[in-house]
1. Name all residues of segment 116-140 having a backbone nitrogen under 18 Å from the label point set 7 Å from the Cα of residue 64 along its Cα→Cβ direction, giving them as ranges.
2. Measuring from a point 7 Å past the Cα of residue 54 along Cα-to-C-beta, which residues in segment 119-140 have an amide N at less than 16 Å?
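Only the coordinates and a few stated rules stand behind these numbers; no lab work does. Quick caveat: nothing in here was measured; it's all calculated off a predicted structure. With ideal geometry, Cβ positions are generated from the backbone for all residues, glycine too; neighbour counts draw on all protein chains shown.
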């Protein structure tokens, strides 16, 4: 009897986990991996259209620093991987090395909204490229 109860509870939990994973995978749009190049395979890497300094200013202007962190004067770098597609839009945004949930979610939001990219070029054609963007926050 205890074994049957254990199996029923185990299957119920397993079903919940699988349903949660399925729901998460539906909410995150992804690109087919065969159309994504490594940064070392392209002739010109993707660039924020106005340059690196403009990208840093964009991050500083739009990053919503958590109130609790302001009091602590936290400075950190969050590493976000993404694919800059052939249209210059970030896709598949994922935290590679985070700091805290609040900071990580804000870094993902910032990168997802950074649509002003010049796409990578390979043999003269715009292509999608996987890259890592460091998001520096705090008072540097």
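1. In segment 116-140, the label zone of residue 64 (backbone N under 18 Å from the point 7 Å along Cα→Cβ) covers 137-138.
2. Only 119-120 fall inside the zone, counting backbone N under 16 Å.
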